[in-house]
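What follows is one structure encoded as structure tokens, with my remarks underneath.
Where a number appears in this text, it was derived from the coordinates with a stated rule and is not lab data. Small disclaimer: the values here were computed from a predicted structure and weren't measured. Quick reminder, even Gly has a Cβ in these numbers, built from the backbone with ideal geometry, and neighbours come from all protein chains shown.
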There are 2 protein chains.
Amino acid sequence: MDVALWMEESRSTIDQWIEADFPGQPDGSQSIEAAMRYSLLAGGKRLRPQLVLASGAYLGIVPKRLRPACLAVEYLHTYSLIHDDLPSMDNDDWRRGMATSHKVFGEALAILAGDALLTEAFAKMSELVTLGFSPPKVVSATQLLAHRAGRRGLVQGQVLDLAAENRDISVDALQEIHRLKTAALIEACVAIPAVLVGDRQSEEALLHYGRYFGLAFQMVDDILNVVGDATELGKATGTDAGLGKATYPRLVGMERAQAVLWQYEKEALTRLDIARGPLLSGLLTFAMDRKW
Amino acid sequence: MDVALWMEESRSTIDQWIEADFPGQPDGSQSIEAAMRYSLLAGGKRLRPQLVLASGAYLGIVPKRLRPACLAVEYLHTYSLIHDDLPSMDNDDWRRGMATSHKVFGEALAILAGDALLTEAFAKMSELVTLGFSPPKVVSATQLLAHRAGRRGLVQGQVLDLAAENRDISVDALQEIHRLKTAALIEACVAIPAVLVGDRQSEEALLHYGRYFGLAFQMVDDILNVVGDATELGKATGTDAGLGKATYPRLVGMERAQAVLWQYEKEALTRLDIARGPLLSGLLTFAMDRKW
């Protein structure tokens, strides 16, 4: 299977699913629908729903049955970006080459668009029962998503990330931030399909993959913030240093950061049966080699 | 049954449930747990979980089985207050006589505490399966909560409320704002127990009650903002006029607002079988006569 082609096609499918949920054209209105739509269609790479689909392929689940889960993780991810970009958080004006939500819609509507996307993520998860997954499994998958996203997951990661600005923290503390801020949601993406079909053994292997995929992904992010090209990235570089953010390159140097990245990449695949499909390893390679 | 006594006792029970979820003492730390705990224990009256329990009593469901639903609606309500109070929204420094979250923890942590509470609400709903409700019903109840809270419910109400500041709007448009901003979540509170036991007929009657309870509740809020006592309310009065907020008293005058309020109060009970329990009508009377 050509992974690059699959990524292109799956991205297009996911884009169509999102547009079906948010019909209409941008009309310059200051509505909640316009604000949600703007950020959802602001050039996202759809990596998280692709991870849902890749995990689904590993487990033999056809893509269309995972549509609500794909939308849920993308909505949840988009909410987290909108809120992270706010002036009181990372104060970013640009993302993926486009003005951030609060620059276009103002802070109030940006916060509310994030709130609505987070809420909609859970509405979507409920729809999985209409696609033949058993209700107890849907409840478990929803709970997994809430746990990975909440006070002991994604949100806690953002809190610790903000608290670490302009402070010296240990490598262990930094890894914990990355695990919560980035890996927690990615773990949910790949574990949800396994929970939905009740495959405990694969769930463990996929959670392990998700954790190291997430750690590696965040490491690449930190490295690109130092050495990346602002045009290709679609956002400013050097911003981490400006905010006094703790990053691996700052803590251990670029060479060591690169070495740890390779370790993560290798570790991610150790518990998977690679013969069952090239998508999970392909996505990992793609995410590691990215320039954006 | 003595409704006032029941309210006191149920409030105490709900407080204990919340404290069990957020153990420990305030320690002045800038943590997500501290910020969530602060707002949850900032003197809330627990009206929404009381509505869940009152609806449960109407349907013959014992309180402890509804614990996760009670916590879910209180967490969701608390998130909405934290975000509504933010500088970019209603910019309130005080609520229930205490400093608002962003005054104590700063804007970033206040936004994140709201995000975590919203997420935790959905984690809680999943726990209902452990209390003997059937998983398909739990999924339906979770979906109902997400719909009433999201882009076509509570969040949309806040968007329309902000957009109506300093503008002339019709009485119909104002009622729509109140229905979304306040009634939508109250509808969910009383409908969730009916969905959990699959009682369609009661669900309709309870949704009707919730809608008019919510409209009446918001009307009292608007009236108290004009004529109420700031000390008893624990927050500033006259703030709606200051923000140029559309309110019933401003639109139709205080006398007419009072008349509509009585209509709402009467309408709320029309579809209920009052003989099945005094709590729903008692709570309504209590909420109408409040001075806070």
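Considering only B:ALA183, B:LEU261, B:ALA194, and ranking their Cα positions along the charge dipole of the stretch B:143-292 that arises from unit charges at the beta-carbon of Lys, Arg, Asp and Glu, the one farthest toward the positive end is B:ALA194. Here the stretch A:17-136 is assigned +1 on the Cβ of each Lys and Arg and -1 on the Cβ of each Asp and Glu. Its dipole about the Cα centre then comes out at about 600 debye. Think of each Lys and Arg Cβ as +1 and each Asp and Glu Cβ as -1; about the Cα centre, that makes the dipole of the protein assembly as shown roughly 1160 debye. Counting from the shortest, the label point at A:GLY106, 7 Å from Cα toward Cβ, is 2.6 nm from the same position in each remaining copy.
Residues A:TRP262, A:TRP6, ranked from the fewest to the most other C-beta atoms within 10 Å, line up as A:TRP262, A:TRP6. If R0 equals 35 Å, the separation of the Cβ atoms of A:GLU255 and A:ALA275 corresponds to a calculated FRET efficiency of about 0.55.
Once the convex hull of all Cα atoms in chain B is built, its volume per residue stands at 120 Å³. Rounded to the nearest 20, the size of the Cβ-charge dipole of chain B about its Cα centre is 620 debye, with Lys and Arg at +1 and Asp and Glu at -1. Take the Cα of A:LEU5, go 7 Å toward its beta carbon, and none of the backbone nitrogen atoms of the stretch A:51-79 fall under 13 Å from that spot. Going from the fewest other Cβ atoms within 10 Å to the most, the residues A:LYS124, A:LYS64, A:LYS45, B:LYS235 appear in the order A:LYS64, A:LYS45, B:LYS235, A:LYS124. Largest mean-square fluctuation among A:MET125, A:MET254, A:MET36, in a Gaussian network model of chain A whose springs join Cα atoms under 10 Å apart, belongs to A:MET254.
Karplus-based coupling profile of the stretch B:88-94, in residue order and whole Hz: 6, 9, 7, 6, 9, 8, 10, with θ = phi - 60° in 6.51 cos²θ - 1.76 cosθ + 1.60 and x standing for Gly or Pro. Which whole-number percent of Cα pairs in the protein assembly as shown have a distance greater than 39 Å? Beyond 39 Å sits 28 percent of the P(r) for the protein assembly as shown. The fraction of all Cα pairs in the stretch B:1-157 landing in successive 5 Å bins from 0 to the largest distance is 2, 9, 17, 21, 19, 16, 10, 5, 1, 0, given as whole percents. Using the Cβ-Cβ distance between B:ASP93 and A:SER134 with R0 set to 56 Å, the FRET efficiency from 1/(1 + (r/R0)^6) comes to roughly 0.70. Label-point distances for B:ALA230 to the equivalent site in the other copies, using a point 7 angstrom along Cα→C-beta, read 4.7 nm when ranked shortest first. Remark: spin-label model distance B:LYS103-A:THR239 equals 3.2 nm, labels positioned 7 Å along the Cα→Cβ axis. Pairs to check: A:LYS181/B:LYS45; A:LYS137/B:LYS181; A:LYS45/A:LYS181; B:LYS45/B:LYS245; A:LYS64/A:LYS137. Give those whose C-alpha atoms are more than 23 Å from each other in this structure. Table pairs above 23 Å Cα-Cα are A:LYS181/B:LYS45; A:LYS137/B:LYS181; B:LYS45/B:LYS245.
Across the identical copies, the 7 Å label point of A:PRO136, projected outward along Cα→Cβ, sits 1.5 nm from its counterparts, in ascending order.
By the Cα gyration tensor, the stretch B:191-292 has an equivalent ellipsoid whose semi-axes, rounded to whole angstrom, run 30, 14, 13 from largest to smallest.
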